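The structure appears below as structure tokens.
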Amino acid sequence: MQNRTYTADAEPGDTVTVAGWVHEIRDLGGIAFLIVRDTTGKIQVKFEKDDMDEDLVETGLGVNRESVVEITGDVKEEPRAPTDVEIVPTDVDVIAEAEPELPLDPSGKVDADLSTRLDNRTLDARKDDVEAVFKIRAEVLRAVRETFRDLGCSEINTPKIVATGTEGGTELFPITYFGEEAFMNQSPQLFKQLMVGSGLERVFEIGPIFRAEEHNTPRHLNEATSIDFESAFYDHHEAMDACEAVVTAAYEAVAENCGDELDALDIDFEVPEGDFPRLTYEEAIERINATGELDEMLVWGDDLPTEGEKALGEDVGTHYFITDWPSEIKPFYIMDQDDEELSTGFDMMHPRMELVSGGQREHRYDRLVEGFEQQGLDPEAFDYYTKMFKYGMPPHAGWGLGGERLIMTMLGLDNIREAVLFPRDRQRLSP
Ligand code: AMO
């Protein structure tokens, strides 16, 4: 739209045309205010009924809330107005009238349940706090891309329709691909590994992953955004350094560039400081056992249950890594240490939950094929992947970070669905 002025840019003395939604109409009798909202904020439009054209007043004050309007007028200083300025209109156009009954209240005065909100996300994301989450999400992705670029990575895009899964068979979504069985990809794992053996060497991808999680939980989605990193000639320690750099940069960018959004969310926001502690798996289970929070003591080889992660997170109190996991509970592509009981796999945790899994990868062909067999997978089905390990595959390491979990924990959201516009879960396939 030509000649449009954002509400935040309207200065006293200007004649402007603003465009946006009718946030509120306050009729005080002889005088009435219409509040127009756009992506930069809100502005008050003043109607002095006796001094103004009757049609103009009727159009301006007869419009339903949330209708789209275009208002032309003079901007005046007005200390009593919420933003210290107001528009005295000369022209009011109703561009798209909203129905009088709305499925939810975008002013936020009346609460709606999450399901109603998700069914009406357009209206929901007119609320300052909801809009703030998605502006912050966009800023996080921008900062993450920039940090990857500083680390010398190339951004890649890999297929989401695949012939085989990598992260456990029960979580696969099967589809039909021209009469053949195929799956929605659970992780770009194998593809990003294939690319560290190419001339690119260091890569990242931000894209969807699909997991047929059986249960609805506040921190699982059936379609999530994975932030994946992989580098040739890196070991797991270097991969952890890169992980820490990316997560810290995301927080720093939000602190620096999202002041208004953080105000709208009204949260305590702290950038994680210093190095993330690196605990071994053994230390982790000892510390969990020592909290006394679990009914049964954890023993070597157990995966960490959700309550265990929570108890440890409260104990540690910051982002941290868990390293030196037992080889037997890490996937086939993770390399063992010299002591083969121990893997190079690691997780990076927020006090509330796991954000990242990663590790150094097995790049030796024979060992890799053995790993498939041990995990009950048919190496033949993965021939497209394993055969590239016969033609010069460098040692390499990497990780995958859950994008929505990063936003959820960063902003203290109760439910992961708050961090994704149109979540996919057991009940939700549209919108
Ligand atoms: P993993 O399966 O641990 O590892 O996934 C990595 C991270 O992705 C996020 N995540 C999810 N977030 C929301 N809903 C889900 N259903 C979901 N599943 C996973 C989590 C998790 O920590 N290939 C390895 C990564 C690697 O080694 O590079 C992998 O996929 O935050």
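Report Rg/Rh for the stretch 7-96, rounded to two decimals, where Rg is the Cα radius of gyration and Rh the Kirkwood radius.
Numbers: Rg = 11.5 Å, Rh = 12.6 Å.
Computed over Cα atoms, the ratio is 0.91.
Measure off 7 Å from each Cα along the Cα-to-Cβ vector at ASN64 and LYS160, then give the distance between these two points in nanometres to one decimal.
3.4 nm
Using only C-alpha positions, report the orientation-averaged shadow area of the convex hull of the stretch 301-421, nm², one decimal. Before the final figure, lay out the partial values.
Working: hull surface 37.4 nm².
The Cα convex hull of the stretch 301-421, projected and averaged over all directions, gives 9.4 nm².
Once the Cβ-Cβ distance between ASN257 and ASP91 is put in as r, and R0 is 35 Å, what FRET efficiency do you end up with, to the nearest 0.05? Don't skip to the answer; put the middle values down first.
Values: r = 35 Å, r/R0 = 1.01.
With a Förster radius of 35 Å, E is 0.50.
Given a cut-off of 27 Å, name the pairs among LYS127/LYS310; LYS46/LYS135; LYS135/LYS330; LYS46/LYS127; LYS330/LYS387 whose C-alpha atoms lie farther apart than that in the structure shown. List each step's numbers first, then the result.
Details: LYS127/LYS310 31 Å; LYS46/LYS135 30 Å; LYS135/LYS330 35 Å; LYS46/LYS127 23 Å; LYS330/LYS387 22 Å.
Over 27 Å apart, Cα to Cα: LYS127/LYS310; LYS46/LYS135; LYS135/LYS330.
What number, rounded to the nearest 500 deg cm²/dmol, is the helix-based mean residue ellipticity at 222 nm of the chain, given -39500 (n - 2.57) per DSSP H run of at least four residues and division by all its residues? Please list the in-between numbers first.
On the way: 12 runs with 123 residues, N = 431.
My calculation for the chain gives -8500 deg cm²/dmol from helical runs alone.
Using a/c under 1.5 as the rounded threshold, could you call the stretch 68-122 rounded, prolate or oblate? The axes a ≥ b ≥ c are square roots of the C-alpha gyration tensor eigenvalues, and prolate needs a/b larger than b/c, oblate otherwise. Could you put the intermediate results ahead of the total?
Values: a/c = 4.02, a/b = 1.81, b/c = 2.22.
Note, shape of the stretch 68-122 comes out oblate.
Give, in nm to one decimal, the length gained when the segment between THR40 and ARG149 is fully stretched (0.36 nm per residue of separation minus the Cα-Cα distance). The partial results should precede the final answer.
Details: separation 109, 0.36 × 109 = 39.24 nm, distance 2.96 nm.
Using 0.36 nm per residue and subtracting the Cα-Cα distance, I get 36.3 nm.
Note the full-extension length gain between ASP414 and TYR177 as 0.36 nm times their separation in residues minus their Cα-Cα distance, in nm to one decimal.
On the way: separation 237, 0.36 × 237 = 85.32 nm, distance 3.74 nm.
Contour length minus the Cα-Cα distance gives 81.6 nm.
Looking at the chain as a GNM with Cα springs under 10 Å, which of GLU293, GLU418, GLU213 has the largest mean-square fluctuation?
Judging by the Gaussian network model, the answer is GLU293.
Could you tell me the calculated FRET efficiency between THR291 and GLU48, based on Cβ-Cβ distance and R0 = 56 angstrom, to the nearest 0.05? It would help to have the intermediate numbers written out before the result.
Details: r = 66 Å, r/R0 = 1.18.
Plugging the Cβ-Cβ distance into 1/(1 + (r/R0)^6) gives 0.25.
On a full-extension model of 0.36 nm per residue, what is the gain between LEU102 and GLU307, subtracting their alpha-carbon distance, rounded to one decimal in nm? Write out the running numbers ahead of the final one.
Values: separation 205, 0.36 × 205 = 73.80 nm, distance 4.05 nm.
Between LEU102 and GLU307, full extension yields 69.7 nm more.
When the Cα centres of the stretch 103-155 and the stretch 289-350 are compared, how far apart do they sit, in Å?
Using only Cα atoms, the two centres lie 32 Å from each other.
Rule-of-thumb check for the stretch 162-252: C-alpha Rg over 2.2 N^0.38 Å?
So the Cα radius of gyration is 1.26 times the expected 2.2 N^0.38 Å.
Got the relative contact order for the chain handy, in percent, Cα pairs under 8 Å and 6 or more residues apart? Spell out each step's value before the answer.
On the way: 819 pairs, mean separation 54.2, N = 431.
Answer for the chain is 13 percent.
So how long is each side of the chain along the principal axes, counting just the alpha-carbon atoms, biggest first, in Å?
Sorted largest first, the three principal extents are 87, 54, 40 Å.
Say each of ASP266 and GLU167 gets a label point 7 Å from the Cα, pointing the same way as Cα to Cβ; how far apart are those two points in nm?
That separation, rounded to one decimal, is 3.5 nm.
Readers should treat all values here as calculations from the given coordinates under stated rules, not as data from a laboratory. Treat the numbers as computed from the prediction; the structure is a model and nothing was measured. All Cβ positions, even for glycine, are placed from backbone atoms using ideal geometry, and neighbour counts span all protein chains on display.
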